[in-house]
Amino acid sequence: MQNLIDNLAVVPKPCQHPHPPPRLGVHECLRTLQQTVEHLPFERFCREQGVFGDPAECINRLRAARDEFGLCQIICWFNQGGRLPMEEVKRTMTQFADHVMPRL
């Protein structure tokens with residue numbers, strides 16, 4: 001958990017990807033995001049955009065997204081829908097911080 005807290009306090013660096021994606025205007029980004037979400041079935045989200053699984057699976061998915069799309073920042077949502085017990089959320093965040101973040 002301390003690793004997560006330490007990393008959250010770090011000011012993000014500019015993207016260092018060798019081929020960053022072209023920058024879109026804010027309105028263009030929001031319009032694209034809205035269109036994607038409106039036509040995104042849950043199964044497709046889980047398969048193509050969500051990152052779930054053990055640390056190795058998460059590392060592989062996040063590295064692939066980084067390499068394909070030039071991602072240099074992500075947003076993590078560990079309790080989508082607020083249905084998990086807080087202890088499970090904390091355990092998952094700790095596991096992510098200890099086993100996934102250091103390997104990205």
Suppose we filter 85, 102 for residues that are surrounded by fewer than 13 Cβ atoms within 10 Å (Cβ to Cβ), over 30 Å from residue 35 (Cα atoms) and either touching a His at 6+ places or on another chain (Cβ under 6 Å) or touching a residue at least 60 places away in the same chain (Cβ under 8 Å) (or both); which single one remains? 102
Looking only at residues in region 59-96 that are among the polar types (S, T, N, Q) and part of a helix (DSSP H, G or I), which one is farthest from residue 49 (Cα to Cα)? 94
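Quick one: which of 33, 62 is modelled with pLDDT under 75 and among the aliphatic types (A, V, I, L, M)?
On the way: 62 fails: modelled with pLDDT under 75.
That would be 33, the only listed residue that is modelled with pLDDT under 75 and among the aliphatic types (A, V, I, L, M).
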Look at region 38-58 and say how many of its residues are in a loop (DSSP other than H, G, I, E, B), hydrophobic (A, V, I, L, M, F, W, C) and farther than 14 Å from residue 96 by Cα. 1
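The values are calculated or read from the model by the stated rules, or taken from the named source; none is laboratory data. The model shown is predicted, which means the values in this text are computed figures rather than measured ones. For neighbour counting, all protein chains shown are included, and Cβ atoms are generated from backbone atoms with ideal geometry for every residue, glycine included.
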